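Only one structure is covered here, and it is reproduced in the block below.
The values are calculated or read from the model by the stated rules, or taken from the named source; none is laboratory data. Small disclaimer: the values here were computed from a predicted structure and weren't measured. With ideal geometry, Cβ positions are generated from the backbone for all residues, glycine too; neighbour counts draw on all protein chains shown.
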């Protein structure tokens, strides 16, 4: 009984578990890299060797993010959210919840639409040159174009929501000086 009370009041009980933090930061690095590469590739001429090489890395990062989100969701369901030392207002929690839900939707939508865009147009689905993901889609240019359009606008939505997420972290850290960032560090 005493050990449970000590564990509940220890500073680590106010932080996400190590596995949650590791997946979060790995996905952050992967997603930011994939978004940056995708944006850069959109300015390169189609069919050039550099663009094809960078798109292969972009696709590899996207599929890695998809695998990680498949792991992240059950880890989140099992471990949940840590306790708060000082609970934010209902409005702040609702805003954070909404932004996080949108981020989760985008973390699934972007790699799935990327897979459909490539697969339905007959392009390879490489993973860092180690193997190629199986393509389970038939050739379908219309489906590829639709998925590509969703992927394109999803990327801009991702940039906006990610910018909002980072601005909120900065606001909590620099203005509010609360525990939000320390929960994930």
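Looking across the range 81-111 at every residue that is surrounded by 14 or more Cβ atoms within 10 Å (Cβ to Cβ) and more than 30 Å from residue 152 (Cα to Cα), the one that is farthest from the chain's Cα centre (by Cα) is identified as 88.
State yes or no: is residue 46 surrounded by fewer than 16 Cβ atoms within 10 Å (Cβ to Cβ), under 21 Å from residue 112 (Cα atoms) and without any contact (Cβ under 8 Å) to a residue 40 or more places away in the chain? Let's see the steps before the verdict.
Numbers: surrounded by fewer than 16 Cβ atoms within 10 Å (Cβ to Cβ): yes; under 21 Å from residue 112 (Cα atoms): no; without any contact (Cβ under 8 Å) to a residue 40 or more places away in the chain: yes.
No, not satisfied.
Of the residues making up the range 141-156, one or more are within 21 Å of residue 72 (Cα to Cα), within 15 Å of the chain's Cα centre (by Cα) and in a helix (DSSP H, G or I).
Across the range 172-185, which residue is modelled with the lowest pLDDT among those that are assigned to a helix (DSSP H, G or I) and closer than 27 Å to residue 110 by Cα? Looking at the filtered set, the residue picked out is 181.
Here residue 51 meets each of (1) buried (at least 16 other Cβ atoms within 10 Å of the Cβ); (2) at pLDDT 90 or above; (3) not in a helix (DSSP H, G or I) with one exception, condition (3). When 60, 33 are screened for being assigned to a helix (DSSP H, G or I), modelled with pLDDT of 95 or more, surrounded by 14 or more Cβ atoms within 10 Å (Cβ to Cβ) and in contact with a strand residue (DSSP E or B) (Cβ under 7 Å, 6 or more places away or on another chain), only 60 passes.
Can you name the residue in the range 120-141 that is in contact with a strand residue (DSSP E or B) (Cβ under 8 Å, 6 or more places away or on another chain) and more than 13 Å from residue 55 (Cβ to Cβ) and, of all such residues, is surrounded by the most Cβ atoms within 10 Å (Cβ to Cβ)? So, considering only residues that are in contact with a strand residue (DSSP E or B) (Cβ under 8 Å, 6 or more places away or on another chain) and more than 13 Å from residue 55 (Cβ to Cβ), the one surrounded by the most Cβ atoms within 10 Å (Cβ to Cβ) is 133.
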